[in-house]
Amino acid sequence: MRLRDARRFTRPLTIVAGSLFAIAAGFTCLRYSFGEPLTRASYDLPFLWRDTLETHEIVLVYLDEASAKQLNQAIDDKWNRGLHVRLLDRLTRDEARLIFYDIVFDTPASDAAEDTVLAESLHHSGKAILGATLEIVQPMSGVRQERIIPPLKLLRKAAAGWGILAFKPVDADYGVRQLFPGTSDIASATWKAAEVLGAKSTHEARESVEQRWINYYGPANTFSSVNFAQALDPEGVPPGYFKNKIVMVGGRSAVGYLAKGQDEFGTPYSRGAHQFTSGLEVQATILLNLLRGQWLTRISANWESAILIIVGLLAGALAALRPSLAVASALIVSFAIACLAFWFVWHRYIWFDWMVPAAIQLPLGLVWSVGSQYLLESRRRKELRRAFGFYLSPQMADKIADSDFDLKPGGKVVDVTIIFTDLESFTSISEDLDPAEVSEILTSYFGQTTKCILENKGTIIKYIGDAVFAAWGAPIDEPHHAMRAAETACDLRCLSELVVHGKTLRTRVGIHSGKVLAGNLGSSFRFDYTMIGDAVNFASRLESLNKYLSTQVLISDAVWQQLGNGFVTRQLGEFRVAGKKQSVVIHELLCRCDAESDEKSWIEIFEKGLTVFRAGEFKAARDYMGRTRELRGGSDGPSEFYLQKITQLEASGHLENWTGIVELSEK
C-alpha cells in the first residue's frame, strides 16, 4: 500500500514540476538573447512553405555591372547624372505611377548643370521619391547619435518627396524583418512613397503606429526587373512597359558607388536557399506592404505569455502518459502549433514566437516525462525486487515488478509448452559424491541449462533436484511457444556433456504442449509462481521415458504438430504411460533440418518397422529394427526397445487383442 500511495502522490508532483520547468524554460528563451534564433525562426519558417505571391505593381531597375560596362560607367564611382535624366524622362513618357530612387544624390555632380537638368526632370515628372542616408555617429563621448544625410537641396525641392533609405533594425544574421517607418523627424522613403500614392496605412501618425513586420512575397528575384541599360534602350523594353507601374531604381551589391557596405540582406527565404536579396527588393516589399496593408504584426506579450503557460502545462502533463503516447502527443501538439502559426501568417498577417513552445517546451516536457517515469519506475522496481527477492526467484521478482502483473494468489488457464530436463544417472552417481562436489556439478549444469532457456525467451519455473522445469507462453505471452521450446531442446543437446568419475552425463528433455493453470499458487501467507495440470505431469513423464527408449529429447504429438518442417523428428509409436487412460503418440526430436546429418534414410526404415509392428507383423518389424540399428552404427535406443518388446510379446503369446499401443506400467 505504501508503494501505491507514494506513486499516487508522486505522479501529480511530477506533472506540476514538469509544467513549472517547461514554463520557466519558455519565458527564459523569450526574454533573453540566446532565444533570438528561435524568434527569428518563428518569423521565417511560415514563408518557406507558402507559395510565391504576385507583385505586378512594381518593376525594379538595377544599376548592375552589365549596365555599367555597356554605358561606360565606372563601377566604383557615381554615374553620369545625364543617364538618370534619360531614364527619368523615359519613365515619365511611359506614365509610370511612381519613381523611387534607392540612390542618395547627396553630393553635387562635377558639372553643376547636370544637377539643374536632373532637377528639371524631377519637377516635370512630379512622381519621384529620393532617398537619404541614416548614419550612426559615435563621438568621443561614447553616445551613439543618428545623422541624416539628405539629397541635394536643389533635387529634393524638385522631387515629390524624400525619405530615409536605411533598414532598422538589421538582425544578427543580416536579415531585415521589421518595417522601419522613419525617425521622429523624417519618414522612411517607402513611407513617403506610400503617402504620395495615397495609401491608407500612412493616414495615421508614424509615431503612433504599432510595430510592423515585413511580409515577404517570395525569395530573391520575385519582383519583375530590368537593368539600367535595358530601361534606356527602346528595344530593351517596349514603349509603355512602365505604364502605371511603380518603378524602383537602385543597385546591386556589386556596384560599390551605392553603398560603402553590403547592399544585400537576409530574408526568410535566405534560410532555405542561402541567397540574399538586394536592398532594392526589400524596399519594394516594404512599399507593397504599405500599399496593400499586408504587413505582419506580432501578437501582444500577454498573449505570448498565455501561450507559453498553456503549452507549459501541456508539456508537464506528458508525465501522466506512457512514453510512446507522450512522444505521439508531443509531436501532434507541436505540429498543431506549427500549423496554427502558419495559418495566422498566411491568412491573418499575424505571427508569434511559436518555436519556443514547439521546439523547447514540448521537447523538454517529453524528456521530463520519459526521464521521470524511468526514474520512478526504476525506484519502484528496485523496491519491489528488494521486497520479494527474499521469497521468489530473480526472474519472478522482475515479473512482479511489472505494473501489469497481478499479485493476488490464484491463476488462469493458459496454453503453454513445458520442458522438463534431467541429468542422466546423476542421482545414483551423487550418492558417492561429497555435497560440495554435488553443488559444484549442479551449479555448472544449471548455469548452462538456464542460459540456454533464457536466451530462447523461456521462463524458469523452478529447479527440482537436478531437474529444470521451464515453460513458454506464460507468464509472458509467446505465440510460437512450441517452436521456442524445440529450439531450446536442440541447443540443450549441443551443450558440453558433464563427466563425473569417468562417466559422461547427458541432459534428457521432455516437451509437451497443453493447457495449464498458471499463476501465484500457494496460500495467502506465501505463494510462488508455478503451473499445475495434466500437461505438466505428462511433460515430466516424457522426460522419464527417455530412460526406457535410450533417447535424449522426446516430444508429444501436440508439440510435433506445431513444429512444421523446421526440425528432424521420428515417430516412436503410440504409448499409454502409467496413470493415463488415453494413449499418446510420441516423437523423438533429433535436430534442426539445417543441421548436417544423414538421418532421413534410417528414419524411414525405422518408421516402416514401426508401421508393421503396430500391425502385429513382428518378424518384419524385427528386420526393420535390426537394419535401423546397423545403420546407426550398431546402437539405437528405440530399435533396441522394440526388439526387446517384440521378444516379450512373442513369448507371452497374448496377441488376440493387439492394438499396437505400447503399455508402460512404470513412471
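With an a/c value of 1.5 or above and a/b not larger than b/c for the gyration tensor axes a ≥ b ≥ c computed over the alpha-carbon atoms, region 543-667 is described as oblate. In sequence order, region 93-110 has phi-based couplings of 5, 6, 6, 4, 6, 7, 10, 10, 9, 8, 9, 9, 8, 9, 10, x, 6, 4 Hz under the Karplus curve 6.51 cos²θ - 1.76 cosθ + 1.60, θ = phi - 60°, and Gly or Pro positions carry x.
Based on Cβ point charges of +1 for Lys and Arg and -1 for Asp and Glu, what charge dipole magnitude is obtained for region 58-297 about its Cα centre, in debye rounded to the nearest 20?
Computed about the Cα centre, the dipole is about 500 debye.
Counted over region 58-297, the DSSP beta bridges are approximately 30% antiparallel. Taking a ≥ b ≥ c as the square roots of the eigenvalues of the Cα gyration tensor, an a/c ratio below 1.5 marks region 58-297 as rounded.
Taking the Cα centre of region 257-357 as origin and assigning +1 to Lys and Arg Cβ atoms and -1 to Asp and Glu Cβ atoms, the resulting dipole is close to 200 debye.
Between the helical axis of 481-493 and the longest alpha-carbon principal axis of the chain there is an angle of about 70 degrees. For Lys200, a cut-off of 16 angstrom between C-alpha atoms picks up these aspartates and glutamates, skipping any fewer than 8 places away in its own chain: Glu210.
Order these peptides, 475-482, 295-302, by their mean beta-carbon neighbour count within 10 angstrom, highest first.
Result, highest mean Cβ count within 10 Å first: 475-482, 295-302.
Relative to the longest principal axis of the chain, what angle (0 to 90°, nearest 10) does the C-alpha long axis of helix 599-614 take? Between the helix axis and the principal axis of the chain, the angle is about 50 degrees.
Distance check, please: which entries in Lys127/Lys243; Lys382/Lys451; Lys127/Lys168 exceed 18 angstrom between their Cα atoms? Too far apart for the 18 Å limit: Lys382/Lys451; Lys127/Lys168.
Relative to the longest principal axis of the Cα atoms of the chain, the long axis of helix 435-455 makes an angle of roughly 50 degrees. A value for Cα extents along the principal axes in Å was derived from the coordinates, and within the list [x] 69, 57, 56; [y] 71, 56, 53; [z] 143, 61, 43 it appears as [z].
Projecting the Cα atoms of Ala328, Ala620, Leu492 onto the charge dipole of the chain (Cβ charges, centred on the Cα centre) puts Ala328 farthest toward the positive pole. Note on the chain: with charges restricted to the Cβ of Lys and Arg (+1) and Asp and Glu (-1), its dipole about the Cα centre is near 1880 debye. Rounded, prolate or oblate: which one fits region 172-292, using the alpha carbon gyration tensor with axes a ≥ b ≥ c (rounded when a/c is under 1.5, else prolate when a/b beats b/c, else oblate)? It comes out oblate by the Cα gyration axes. Residue ranges 613-622, 170-179 sort as 170-179, 613-622 when ordered by packing (mean number of other C-beta atoms within 10 Å per residue, highest first). Taking amide H atoms as placed 1.01 Å from N in the peptide plane, the amide H of Phe105 lies under 5 Å from those of Gly131, Leu152, each 5 or more residues away in sequence or on another chain.
For Trp351, the residues whose amide H sits under 5 Å from its own are Thr297, Arg298, Ile299, ignoring neighbours fewer than 5 places away on the same chain, with H placed 1.01 Å from N.
Expressed to the nearest 5 percent, the antiparallel share of DSSP beta bridges inside the chain is 65 percent. Each of Val585, Ser378, Pro181 was placed along the dipole of the chain (beta-carbon charges, centred on the mean Cα), and the one lying farthest toward the positive end is Pro181. The convex hull drawn around the Cα atoms of region 406-563, when projected onto a plane and averaged over every direction, covers 9.9 nm². Sorting 98-105, 582-589 by their mean Cβ neighbour count within 10 Å, with the most densely packed peptide first, gives 98-105, 582-589.
No lab work stands behind these numbers, since they all come straight from the coordinates. Everything numeric here is computed off the predicted structure, so don't read it as measured data. Methodologically, a virtual Cβ is constructed for each residue, glycine included, from the backbone with ideal geometry; neighbour enumeration extends over all protein chains shown.
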